[in-house]
Amino acid sequence: MPPEPLVRVDGLMKRFGTGAPVFADVYFRIAEGEFVCLIGHSGCGKTTILNVLAGLDEASDGTVLFAGRELDGPSLDRAVIFQGHALLPWLDVEANVAFAVRSRWPRWSNEQVRAHVAEQLGVVGLGQAAKKKPSALSGGMRQRVGIARALAIRPRMLLMDEPFSALDALTRGTLQDEVARLCAETRQTVFMITHDVDEALLLADRIFLMTNGPDARIAEIVVNTIPGPRRRHDVHHHPAYPALRNHLLDFLIERSRGFGVGAADYDPKNPPEIRLEAAA
Amino acid sequence: MKPSLGLRAGAVSLLIFVVFIAAWYLATGAGPGAATVDPAYAKLVGAAAAGGGKSAMPGPDVVAATLAKHLADPFFDRGPNDKGIGIQLLFSIGRVFLGFGLAMLVAIPLGFVIGLSPLMQRALDPFIQVLKPISPLAWMPLALYTIKDSAASSIFVIFVCSLWPMLINTAFGVASVRREWLNVARTLECRPLRMAFRVVLPAAAPTIVTGMRISIGIAWLVIVAAEMLVGGTGIGYFVWNEWNNLSIANVVVAIVMIGLIGMALDQGLAFAQRKVSWVE
Ligand SMILES: Nc1ncnc2c1ncn2[C@@H]1O[C@H](COP(=O)(O)OP(=O)(O)O)[C@@H](O)[C@H]1O
Ligand SMILES: [Mg+2]
């Protein structure tokens with residue numbers, strides 16, 4: 001028997017007002033230490049799913065078990081990296097991270113907090129910027145602070161909502177590499193939303209593909225057959241890369257409009273698992 | 001090289017001031033070639049005009065002399081109708097601070113409640129809409145009748161007029177705190193009080209202080225009128241008393257002092273505004 005997954009989502013459905021649900025019949029599992037990416041077009045409900053996992057929003061139907069227990073609101077176990085960094089602009093970088101650290105360990109002395117914050121800022125390469133306000137930082141540096149703040153509380157799971165989509169290509173690449181390294185080092189469990197196919201193939205162990213909303217479903221789950229550790233400068237040379245990339249792009253361009261969901265053998269509880277190897 | 005904008009603006013300000021004083025000097029007939037005045041008429045129009053001017057309006061020289069006299073001994077107290085201008089100003093400032101402080105104690109917590117609760121916002125809105133446009137002086141008879149103390153009544157009037165801008169701005173500032181920042185605090189399992197003081201208050205502080213700045217401006221306008229009405233002490237009473245004495249020079253000195261103190265109060269809060277402001 002496989003070990004109990006860290007996250008177990010069953011029959012999740014969300015409806016705003018009346019009318020068609022944004023998504024329905026969403027089932028998935030995330031194992032401890034796994035990096036999962038969720039891909040889908042804008043408006044299919046990705047952010048809503050992430051907010052439900054974070055405990056910030058409630059589903060209209062379905063259950064989410066986290067470490068075997070039903071979710072009950074937000075928790076320090078699950079850290080969120082928000083789409084728009086969400087730093088508190090009146091606090092400097094150090095104080096932003098310290099705010100999270102004090103929440104996690106309220107009994108720590110100022111000295112302990114300062115040391116831990118300094119260490120975390122060092123990890124994301126922001127030691128020099130500790131006393132700067134977020135407004136004085138570039139977009140990439142702000143997102144680094146967001147990452148430091150999330151990782152500083154040692155969450156069991158990291159939730160990221162398109163964390164790099166607002167960054168320029170160069171900065172995005174550097175941050176992707178760093179997140180890949182940090183998460184691999186600590187075997188961090190991650191659920192990340194993206195609509196960048198290359199990003200998903202670099203970071204994710206499995207990729208969930210969602211159909212377009214309303215009434216979106218998880219159409220299939222693509223296993224990333226490129227073994228880790230994956231690095232940005234060579235991942236695209238792997239023989240399986242073109243097939244995987246084409247498969248994901250085909251889905252986004254063509255099949256996301258309800259592919260397979262209507263098919264007789266489509267079972268929302270067990271979406272087809274796609275395992276592509278190198279093209280023959 | 002051109003002198004700086006500040007320097008040039010200062011020069012123009014000085015020029016305007018000099019032209020104004022000169023025009024005033026000439027218009028009040030104290031200038032060269034002024035007609036001598038019938039001493040009987042001078043006696044009739046009062047001491048101010050007896051200096052030899054052709055109008056009861058004192059010239060800048062007379063006002064400057066009066067001002068110097070007041071500043072030389074601002075705090076004398078020779079009975080109810082003869083107190084130094086400094087004492088009168090302190091009475092007024094004290095009432096403004098008391099009424100304003102009480103209004104703060106009510107408006108900021110209540111504004112928090114309104115800003116955080118759409119229900120309270122809707123429930124209280126009709127009351128605020130009706131009460132806000134009432135001239136604060138209209139409350140005076142009611143205050144005098146119920147409180148039976150003229151000083152306390154003017155403090156009450158200051159309280160009423162300071163309340164609305166602070167209340168409305170606090171509610172608005174609290175209601176417009178970015179959802180993201182609240183979500184950050186929620187995922188960190190912030191307790192409500194910590195959330196209020198560490199997230200909502202700093203986020204809304206610039207708007208709240210703007211409300212305080214509007215309030216203190218209105219309070220300073222209203223205190224003069226209130227003290228004219230109830231009499232006794234204060235700069236408003238001083239102005240009315242000197243008008244009854246036909247001592248226009250004293251009235252002008254009081255007007256100048258009212259302007260300067262009003263500016264100081266406003267600048268104090270402008271300073272606070274800069275202290276709490278943040279850029280995203
Ligand atoms: N609070 C809300 N009220 C009404 N509709 C909402 C709300 N939040 C999201 N939606 C709708 O739900 C759908 C999914 O939103 P979202 O989860 O943000 O999608 P995604 O992140 O995939 O782009 C969108 O069509 C959006 O308009
Ligand atoms: Mg989204």
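The values are calculated or read from the model by the stated rules, or taken from the named source; none is laboratory data. Nothing here was measured: the structure is a model prediction, and the numbers come from that model. Every residue, glycine among them, receives a Cβ derived from its backbone with ideal geometry; neighbour counts consider all protein chains shown. Just the protein is used for accessible areas: all its heavy atoms, side chains included, with ligands, DNA and RNA removed. Shrake-Rupley method; radii C 1.70, N 1.55, O 1.52, S 1.80 Å.
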Accessible area buried at the A-B interface, both sides summed, 1.4 Å probe (Å², nearest 100): 1900
Spacing of the two label points (7 Å from each Cα toward its C-beta) at residue A:266 and residue B:134, in nm: 6.4
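Tell me which trypsin sites (Lys or Arg not before Pro) from the range A:71-171 have a DSSP coil assignment and no more than 13 other beta carbons within 10 Å of their own.
A:107, A:131
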Share, in percent, of DSSP beta bridges within the range A:128-251 that are antiparallel, nearest 5: 50
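Counting Lys +1, Arg +1, Asp -1, Glu -1, what net charge surrounds residue B:66 among other residues with beta carbon under 14 Å of its beta carbon?
Within the 14 Å Cβ shell, the charges total -2.
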Packing rank of B:100-108, B:143-151, where each peptide gets the mean count of other beta carbons within 10 Å, highest leading: B:100-108, B:143-151
Positive minus negative residues near residue A:21 (Lys, Arg vs Asp, Glu; Cβ under 12 Å): 0
Å² per residue, accessible surface of the protein assembly as shown at 1.4 Å: 49
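Just tell me how shielded A:87-99 is by partners: mean number of partner chain Cβ atoms within 10 Å of each residue's Cβ, no decimals.
Mean partner shielding for this stretch: 4.
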Net dipole in debye of the protein assembly as shown [+1 Lys, Arg Cβ; -1 Asp, Glu Cβ; about Cα centre; nearest 20]: 1160
Options A:115, B:162, B:279, ranked by Cα towards positive dipole end of the protein assembly as shown, top entry (Cβ charges): B:162
Listed residues A:152, A:59, A:166, most fluctuating in chain A (Gaussian network, C-alpha, under 10 Å): A:166
Share, in percent, of DSSP beta bridges within the protein assembly as shown that are antiparallel, nearest 5: 45
For the protein assembly as shown, average projected area of the Cα convex hull in nm²: 39.9
Loop-resident sites, the range A:184-259, for trypsin sites (Lys or Arg not before Pro), counting at most 13 other Cβ within 10 Å (DSSP): A:187, A:231, A:257
Surrounding net charge for residue B:205, when Lys and Arg each add one and Asp and Glu each subtract one, Cβ distance under 13 Å: +4
Of the DSSP H helices in chain B, those whose Cα atoms cover at least 20 Å axially and whose Kyte score averages 0.0 or more: B:5-27, B:85-116, B:150-175, B:201-230, B:248-276
Pairwise label distance in nanometres, residue B:142 with residue B:78, each label 7 Å out on the Cα-Cβ vector: 4.2
Span-like helix ranges in chain A, DSSP H, alpha carbon extent 18 angstrom or more, Kyte mean at least 0.0: A:139-152
Charge dipole (debye, nearest 20) of chain A; +1 at Cβ of Lys and Arg, -1 at Cβ of Asp and Glu: 900
Averaged over B:178-185, number of beta-carbon atoms from partner chains that fall within 10 Å: 6
Accessible surface of chain A [probe 1.4 Å, protein heavy atoms]: carbon and sulfur percent: 51
Percentage relative contact order, the range A:143-215, counting C-alpha pairs under 8 Å, at least six apart: 34
Antiparallel content of DSSP bridges confined to chain A, in %, to 5: 45
Sparse-neighbour loop sites [trypsin sites (Lys or Arg not before Pro); the range B:189-280; at most 13 other C-beta within 10 Å; DSSP]: none
